[in-house]
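Comments concern the structure below.
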Amino acid sequence: MFAPSAVNSRPWEFYVTDKDEVKQKLMQAHPACKMLETASVAIIVCGRPDLQPGRGFWPQDCGAAIENLLLQAADLGYGTCWCGCYPAEPRASLVKEALGCENIPVAIVAVGVPDEAPAAKGFYDENRVHFI
Ligand SMILES: Cc1cc2nc3c(=O)[nH]c(=O)nc-3n(C[C@H](O)[C@H](O)[C@H](O)COP(=O)(O)O)c2cc1C
């Protein structure tokens, strides 16, 4: 929640669960989060466009919060996977239904104790950096 957000509106809500029945519901709603089968916890980051009327920056704000969450988890020794929801349909609506909330799921973050320590992959591509 320390992430920057447009006009400091902090347009997010976090739903946290370690319950198997909730994780099962999420796996039914989202086609690519099967790692929840073994992950300890799922954190669903949802957007609150109502806190940011007429601006529409809330998906970016939630993205910043999600990335912070991933970095903090890594610092604490946990492994994570960002499983995107909004704007992909029907998964965003189905995850919302599974949570029974009025907010818009931006991502399910699976959090667990990693069983491997892959080397950094190094995706840096200098051709994508443009000095103008
Ligand atoms: C917006 C977004 C949506 C993603 N959705 C999924 C997903 O639904 N399921 C999944 O397994 N990984 C998902 N990922 C993770 C990416 O596949 C992963 O970050 C990418 O393959 C690079 O791997 P790395 O993060 O381990 O370096 C998503 C990542 C982002 C940023």
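The values are calculated or read from the model by the stated rules, or taken from the named source; none is laboratory data. If you're wondering where the values come from, they're calculated on a predicted model, not measured in any experiment. Don't worry about glycine lacking a Cβ; one is built from the backbone with ideal geometry, like all the others, and counts go over all protein chains shown. The accessibility values were calculated without ligands, DNA or RNA, using every heavy atom of the protein model including side chains. Shrake-Rupley method; radii C 1.70, N 1.55, O 1.52, S 1.80 Å.
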Q | Solitary cysteines of the chain, where the nearest other Cys Cβ is not under 4.7 Å | A | 46, 62, 81, 85, 101
Q. Could you give me the ³J(HN,Hα) list for the range 63-80, computed from phi with Karplus coefficients 6.51, -1.76, 1.60 and θ = phi - 60°, whole Hz, x at Gly and Pro?
A. x, 5, 5, 5, 4, 4, 4, 4, 5, 5, 4, 4, 4, 8, x, 9, x, 9
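With the contact rule set at Cα under 8 Å and sequence spacing of 6 or more, what percent relative contact order holds for the chain?
Numbers: 209 pairs, mean separation 39.3, N = 132.
30 percent.
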**Q.** Built amide H within the under 5 Å cut-off of residue 85, gap 5+
**A.** 107, 108
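Give me the accessible area per residue for the chain, probe 1.4 Å, as a whole number in Å². Mind showing how you got there, number by number?
Numbers: 8530 Å² over 132 residues.
Here the per-residue accessible area is 65 Å².
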Q | In Å², nearest 10: area of residue 22 left accessible to a 1.4 Å probe | A | 40
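Quote the charge dipole size of the range 6-128 about the Cα centre in Debye, to the nearest 20; the model charges only the Cβ of Lys and Arg (+1) and of Asp and Glu (-1). Please list the in-between numbers first.
Values: 11 positive and 16 negative charges, 52 e Å.
It works out to roughly 240 debye.
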Q) Dividing the convex hull volume of the Cα atoms of the range 6-128 by its residue count, what figure in Å³ per residue is obtained? A) 135
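Leaving ligands, DNA and RNA out of it, report the carbon-plus-sulfur percent of the accessible area of the chain at a 1.4 Å probe.
Numbers: 4680 of 8530 Å².
Ligands and nucleic acids excluded, carbon and sulfur reach 55 percent.
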(Q) I'd like the Karplus ³J(HN,Hα) series for the range 82-89: coefficients 6.51, -1.76, 1.60, θ = phi - 60°, whole numbers in Hz, and an x wherever there's a Gly or Pro. (A) 7, 10, x, 10, 4, x, 6, 10
Q. Quick one: how many Å² of residue 18 are accessible to a 1.4 Å probe, rounded to 10?
A. 100
